[in-house]
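The values are calculated or read from the model by the stated rules, or taken from the named source; none is laboratory data. These figures come from a predicted structure and were not determined experimentally. All Cβ positions, glycine included, derive from the backbone under ideal geometry; neighbour counts span all protein chains shown. The area values use the complete protein model at the heavy-atom level, side chains included, leaving out ligands, DNA and RNA. Shrake-Rupley method; radii C 1.70, N 1.55, O 1.52, S 1.80 Å.
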Amino acid sequence: MRFFYLITGLLLWQMSTAQQNTPALSDEFVLVIHGGAGTILKKNMTPEKEKAYNDALEMALKIGYDTLKKGGTALDAVEMAVRYMEDCPLFNAGKGAVFTNEGKNELDAAIMNGKTLAAGSIAGVTTIKNPISTARAVMEKSNHVMLIGKGAEKFAAENHQTIVDPSYFFTEQRWEALQDAKREDSLKQTQKTPDHLALKQPENRDYKYGTVGAVALDRYGNLAAATSTGGMTNKKFGRVGDAPIIGAGTYANNKTCAISCTGWGEYFIRLTMAKTISDMMEFGNWKLTDATNEMVMKRLPALGGDGGLIALDKDGNITLPFCTEGMYRGFVRQDGKTTVKIYKE
Ligand code: ASP
């Protein structure tokens, strides 16, 4: 009998320690996405086009939501949501990416784990179907953070990523946008605009932005961020934007927030946008919305740039500021109710 009590006691003790070691799954989780900021005006939109964007944003949210609901990680959710948008030709990432000056599609992407501060990114690739998944592979299967060009493509092939012919990324709309941008360029040349002014001249921004991104808080209390882009139409000389630069266009830290940016990348790099917001929260006790408003609505335009971002803090607060005419965006919480928006409120 004494033996029976001993064994039962031992079993109960083991069960309670196991429970203490397994963190209880929270019921709360959040996913926020964007499909790019720019001069997105209702008057330039057809009802069909508007519906197509709304449907695509809804679908990306649903994919991420299902992942989080069944206990998937924030990393899984942001990767899945971004992958969907990369495959969707409406957005400037993966299929549907903008063209460089040389008529190529050169893609950048980054992903970051807020729990460990692990990060992976790739830049200037032309044959990787889903750059965000390769960025994740860099984070999880290499000793590096950032791989570029041919090296990144070699790594992708060795790590079972889907490789496509560069023609896969072609879309007529983006090709036309490149021709428009080139015409605009040559007009500027003939008007002999000094270089420092040329950068500030209004350009056809609608075609230029369109990066996709996602941030998530999962049921384990962890944050993650992911961003993927074709960059900016007519970019030259192997230009890399903010999206794959950890701390500029992409950042996640469980202590503060997860952020994915979209807009004129050069300015986001110069402001070290995402990490600055995280630092304002960590070292200056700023609230998420105050920090993002300061950076996106004040510092960014003050420098001459524009764009927006999505941000999510460790307590599940979200904000989606932009200083452009519009930003494709959406979010969903554990109740499954999705919100998608395009224009200014
Ligand atoms: N931020 C991106 C870049 O500069 C462009 C975008 O948001 O569409 O590469």
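Points to keep in mind about this one:
- Looking at segment 31-94, the accessible area is 39 square angstrom per residue; that uses a 1.4 Å probe and ignores ligands, DNA and RNA.
- Basic side chains Lys and Arg get +1 at the Cβ, acidic Asp and Glu get -1 at the Cβ, and with that the dipole of segment 87-188 about its Cα centre reaches some 280 debye.
- Estimated vicinal HN-Hα couplings, Hz - segment 283-293 in sequence order (Karplus 6.51, -1.76, 1.60; Gly, Pro = x): 9, x, 6, 5, 7, 3, 5, 5, 5, 5, 5
- In a DSSP loop and with at most 10 other Cβ atoms within 10 Å, the trypsin sites (Lys or Arg not before Pro) in segment 209-252 are Lys236.
- Calculated [θ] (222 nm, deg cm²/dmol) that DSSP helices of n ≥ 4 give over the chain, each run adding -39,500 (n - 2.57): -11500 deg cm²/dmol
- In this structure, the pairs whose alpha-carbon distance is over 20 Å, taken from Lys49/Lys298; Lys182/Lys344; Lys69/Lys337; Lys104/Lys150; Lys51/Lys298, are Lys49/Lys298; Lys182/Lys344; Lys51/Lys298.
- Three-way shape label, segment 203-286, alpha-carbon gyration tensor, a/c 1.5: prolate
- Taking 17 Å as the cut-off, no amide N atom of segment 273-313 comes nearer than this to a point 7 Å along the Cα-to-beta-carbon line of Thr116.
- Rounded to whole Hz, the Karplus (6.51, -1.76, 1.60) HN-Hα couplings of segment 328-337, x for glycine and proline: 5, 7, x, 8, 8, 10, 4, 6, x, 7
- Placing unit charges on the Cβ atoms of the charged side chains and taking the dipole of segment 272-345 about its Cα centre, the candidate lying farthest along the positive direction among Val340, Ala302, Ile318 is Val340.
- When the pairs Lys95/Lys154; Lys62/Lys141; Lys154/Lys255 are compared against a 30 Å limit on Cα-Cα distance, Lys154/Lys255 fall above it.
- Our coupling estimate for segment 233-241, obtained by passing each phi through the Karplus curve with A = 6.51, B = -1.76, C = 1.60 and θ = phi - 60°, is 3, 6, 5, 10, 6, x, 4, 10, x Hz, Gly and Pro reported as x.
- Cα gyration tensor shape of segment 76-123, rounded if a/c is under 1.5, else prolate or oblate by comparing a/b with b/c: oblate
- Ligands, DNA and RNA left out, the accessible area of the chain computed with a 1.4 Å probe is 56% carbon and sulfur.
- Relative compactness, the chain, computed as alpha-carbon Rg over 2.2 N^0.38 Å: 1.06
- Listed residue (Met281, Phe91, Thr67) projecting farthest to the positive dipole end of the chain, Cβ model: Met281
- Global form of segment 236-345, assessed from the alpha-carbon gyration tensor, a/c cut-off 1.5: oblate
- Alpha carbon convex hull of segment 224-268, projected area averaged over orientations, nm²: 3.2 nm²
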